[in-house]
1. Across the stretch 149-175, what is the total count of residues that are surrounded by fewer than 20 Cβ atoms within 10 Å (Cβ to Cβ) and closer than 23 Å to T107 by Cα?
2. Based on what the data block shows, is A68 surrounded by 14 or more Cβ atoms within 10 Å (Cβ to Cβ) and either out of contact with any strand residue (DSSP E or B) (no Cβ under 9 Å at 6 or more places or on another chain) or not hydroxyl-bearing (S, T, Y) (or both)?
3. Picking from V210, V254, which residue would you name as being surrounded by 16 or more Cβ atoms within 10 Å (Cβ to Cβ), modelled with pLDDT of 95 or more, on the phi < 0 side of the Ramachandran plot and touching a strand residue (DSSP E or B) at 6+ places or on another chain (Cβ under 9 Å)?
4. Search the stretch 126-148 for residues being among the polar types (S, T, N, Q) and part of a loop (DSSP other than H, G, I, E, B), and hand back the single one that is surrounded by the most Cβ atoms within 10 Å (Cβ to Cβ).
5. Condition (residue is more than 16 Å from the chain's Cα centre (by Cα), exposed (fewer than 14 other Cβ atoms within 10 Å of the Cβ) and free of Cβ contacts under 8 Å to residues at least 12 places away in the same chain) applied to the stretch 267-283: is it met by at least one residue?
6. Anything in the stretch 92-125 that is surrounded by fewer than 22 Cβ atoms within 10 Å (Cβ to Cβ) and either among the small types (G, A, S) or in contact with a helix residue (DSSP H, G or I) (Cβ under 6 Å, 6 or more places away or on another chain) (or both)? List them, or say none.
7. For the stretch 34-65, give me each residue that is assigned to a loop (DSSP other than H, G, I, E, B) and farther than 23 Å from E215 by Cβ.
Amino acid sequence: MTATHTWIVGSGGLLGAAATREVQRRGHRVHTSTIPWTNRVLAEEALLQRCSEFFDSFDDGAWNVIWAAGAGVNGTSAAQFAQENELIRTVLSRIEAIAAHRADTGTVFLASSAGGVYAGALGAPHHEGTQPVPLGDYGFAKLESESIAAEFGVRTGINVVIGRFANLYGPGQNLAKPQGLISHLCRGYLMASPVSIFVPMDTLRDYLYVSDAAEMVADTLEMSATRRLSPTVKIFASGEAVTIGSILGACRTVFRRRPNVVLAASPLAAFQGRDLRLRSTVWPEIDRRTHRTLPAGIASTLFATRQALGVGR
């Protein structure tokens, strides 16, 4: 049986690392890359070189490219987002040029953000048919990256799946980024430092444990390999929304003490939707699974954060 080759861009990030582990477990020949993201020119050169090396490494068979990279968050400038999206466009152009001379088929999977694109949408729970309503540069940039990927799929006939992810959490969160409430709550507990919260306690979010998300991505790639698809948008979520207050309550159960939080104000709060309940209606068989419970996920995140920080019990 011919091996499936999968190149993961962003394999050092939360989703990318988990997806790397999952597809390796399923027997994929996994290719990862170290990219100098802070230098636009060097990043482009490295990405194009790795892309060519990836396709040169095998003659035929199923292949996947997972784009799970992206340093931008709410508050990142529109210019920085434009640079990130231009890198996506450049890599897809290289894939298009290479694929034109190959007989095999593949899938490009682009990780996007449900919270970013549905931030201002009404009528939750949101599904794939909900009209996106971004509230800031982050959401608009995610929609632009989706458009780039979708146009590539239409133009080339290569399968494209756009994954709009709920709030991902779990081991491997980058604590230097101002996102990832659960990881920052774990860090605050371990370091005895307060964590600022900028949204109301009744704000609703869907939290998806990262290994569950990676399994869903791998299932999606397997499904994509068996059919020809138009560009497909799918929400990746647990389907169970919780309030910020409920998250603090679950953390209190795991920490055995009240999380040290400070309610604060931030202009970035204007870009956060109040009700981001999610419900996928596309490929529902991928969603039929048991998800890790919130307390169990928080406990795993706490254990990993303790190891990363090198602090005792």
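The values are calculated or read from the model by the stated rules, or taken from the named source; none is laboratory data. From a predicted model like this one, the values you see are computed outputs, not experimental measurements. Cβ placement follows ideal geometry from the backbone for every residue including glycine, while neighbour counts extend to all protein chains displayed.
1. 6
2. yes
3. None of the others qualify; the one that does is V210.
4. Within the stretch 126-148, the match that is surrounded by the most Cβ atoms within 10 Å (Cβ to Cβ) is T130.
5. Looking for residues that are more than 16 Å from the chain's Cα centre (by Cα), exposed (fewer than 14 other Cβ atoms within 10 Å of the Cβ) and free of Cβ contacts under 8 Å to residues at least 12 places away in the same chain, one finds at least one in the stretch 267-283, hence yes.
6. Scanning the stretch 92-125 gives S93, R94, E96, A97, I98, A99, A100, A103, G120, A121, G123, A124.
7. T34, I35, P36, W37, T38, N39, S57, F58, D59, D60
Residues are listed down the side, and each one gets a yes or a no for (1) at pLDDT below 90; (2) of a type in the set (A, V, I, L, M, F, W, C):
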{"position": "S246", "(1), (2)": "no, no"}
{"position": "P259", "(1), (2)": "no, no"}
{"position": "L263", "(1), (2)": "yes, yes"}
{"position": "L278", "(1), (2)": "no, yes"}
{"position": "T281", "(1), (2)": "no, no"}
{"position": "I286", "(1), (2)": "no, yes"}
{"position": "R289", "(1), (2)": "no, no"}
